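J.: Sending over a structure as structure tokens; questions will come in a sec.
The values are calculated or read from the model by the stated rules, or taken from the named source; none is laboratory data. Fair warning: this is a prediction, and the values are worked out from it, not measured in the lab. Using ideal geometry, Cβ is built from the backbone for each residue, glycine included, and neighbour counts are taken over all protein chains shown.
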Amino acid sequence: MLKDYLEINPGVQKALDEGKPVVALESTIISHGMPYPQNVETARNVEKIVREHGAEPATIAIIGGKIKIGLTDDELEHLGTAKNVIKTSRRDIPFIIAKKGDGAATVATTMILAALAGIKVFVTGGIGGVHRGAPETFDISADLEELARTNVAVICAGAKSILDLKLTLEYLETRGVPVVGFGTDELPAFYTRKSGYKVDYRIDSEKELAQAVKVKWEMGINGGLVIANPIPEQYQMDKAVIDKAIDEALADAAREGIKGKDTTPYLLAKIKEITGGDSLDSNIQLVYNNAVVGANLAVELAKLQ
């Protein structure tokens with residue numbers, strides 16, 4: 001019955017049928033992560049980067065109640081401008097499809113839908129995690145549970161620095177999710193290259209990374225991997241500046257009663273405002289950097305099939 005809900009772009013389907021490399025891309029960054037027109041421009045550029053490095057991009061969303069694996073240019077524009085696109089996590093998928101609505105895929109949802117289509121590599125900006133204050137609120141992103149169960153490698157610039165990074169790593173360790181530093185011994189903190197926390201393994205090439213990913217899944221050790229790829233040095237933000245902006249944004253969110261899935265979009269927008277747009281520039285560049293690594297990993301994995 002899956003064909004009733006799933007629509008794979010012909011270019012993506014051709015690549016999958018031929019065993020060519022495909023890279024999944026999320027859509028929340030388009031509808032909830034950045035303002036227009038930077039959101040759509042970034043999405044187009046990420047797809048272009050993936051193609052330039054030898055893989056087929058597959059931006060994933062729900063449009064008109066259909067799961068779309070690979071979007072047209074018009075669909076990218078629609079996601080970037082429509083006001084009724086719902087931020088869609090695992091729990092939301094059946095309801096948005098049943099209502100024939102539009103949904104932007106979070107990290108968790110993109111992993112689910114990519115796996116349904118047979119895509120093993122996914123590029124995003126930063127994963128969700130354990131929110132600050134979680135010992136009292138239990139506010140933990142569904143991304144972490146999805147990483148524990150779904151066989152997709154997630155290339156990111158670490159967990160978003162608005163989170164409690166120490167507890168996020170503890171949670172991932174408990175759920176058996178490897179956190180791999182790509183060319184780094186330390187977990188990147190989204191806007192900055194360092195967090196003060198060590199990764200589980202450092203790997204310096206996509207070829208070596210592909211071998212480890214292949215072994216993991218061939219042995220039946222289910223679940224994803226966090227491939228933490230630091231933002232390029234020239235684009236990282238000053239730690240003191242971004243930490244101050246995050247503290248201000250968190251205080252504003254608490255004062256306004258922002259909770260649940262509204263938290264991250266609110267904080268990212270507030271941080272952009274506080275930093276005069278510098279955080280958005282960094283966000284865009286780290287996504288581009290992740291797209292290069294993701295495409296190269298997909299190419300190396302395809303060689304091993």
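J.: Kindly indicate the residue of the range 174-217 that is in a strand (DSSP E or B) and of a type in the set (Phe, Trp, Tyr) and also nearest to Gly126 (Cα to Cα) among those meeting that condition.
T.: Filtering first and then ranking leaves Phe182.
J.: For the range 48-65, what are the residues that are more than 20 Å from Ala115 (Cβ to Cβ) and either β-branched (Val, Ile, Thr) or crowded, with 22+ Cβ neighbours inside 10 Å (or both)?
T.: Ile49
J.: What do you reckon, is Val179 farther than 14 Å from Lys160 by Cα and touching a strand residue (DSSP E or B) at 6+ places or on another chain (Cβ under 6 Å)?
T.: yes
J.: For the structure I just gave you, tell me whether Ala295 is modelled with pLDDT of 90 or more, of a type in the set (Gly, Ala, Ser) and either surrounded by 19 or more Cβ atoms within 10 Å (Cβ to Cβ) or in contact with a strand residue (DSSP E or B) (Cβ under 9 Å, 6 or more places away or on another chain) (or both).
T.: In short, yes.
J.: I've got another one for you. In the list Leu169, Leu147, Leu163, which residue meets the criterion of being surrounded by 23 or more Cβ atoms within 10 Å (Cβ to Cβ), under 20 Å from Tyr201 (Cα atoms), in contact with a strand residue (DSSP E or B) (Cβ under 8 Å, 6 or more places away or on another chain) and free of Cβ contacts under 8 Å to residues at least 40 places away in the same chain?
T.: Just one listed residue meets the conditions, Leu169.
J.: Do we find that Ala189 is in contact with a Leu (Cβ under 7 Å, 6 or more places away or on another chain) and crowded, with 20+ Cβ neighbours inside 10 Å in this structure?
T.: It is true that Ala189 is in contact with a Leu (Cβ under 7 Å, 6 or more places away or on another chain) and crowded, with 20+ Cβ neighbours inside 10 Å.
J.: While we're on this one: If I ask for residues that are in a strand (DSSP E or B) and among the small types (Gly, Ala, Ser), which ones from the range 148-173 would you list?
T.: Ala153, Ala159
J.: For residues in the range 130-144 being under 14 Å from the mean Cα position of the chain (by Cα) and surrounded by fewer than 24 Cβ atoms within 10 Å (Cβ to Cβ), which is nearest to Ala228 (Cα to Cα)?
T.: Per the criteria, the residue is Leu144.
J.: Within the range 134-163, which residues are of a type outside the set (Gly, Ala, Ser) and under 23 Å from Leu280 (Cβ atoms)?
T.: Asp143, Val154, Ile155, Cys156, Lys160, Ile162, Leu163, listed by residue number.
J.: Sticking with this structure for a sec: Restricting attention to the range 86-100, which residues are basic (Lys, Arg) and part of a helix (DSSP H, G or I)?
T.: Arg90, Arg91
J.: Go through Gly224, Gly220, Gly183 for me and flag whichever is among the small types (Gly, Ala, Ser), surrounded by fewer than 23 Cβ atoms within 10 Å (Cβ to Cβ) and under 20 Å from the mean Cα position of the chain (by Cα).
T.: Criteria check complete, one pass: Gly183.
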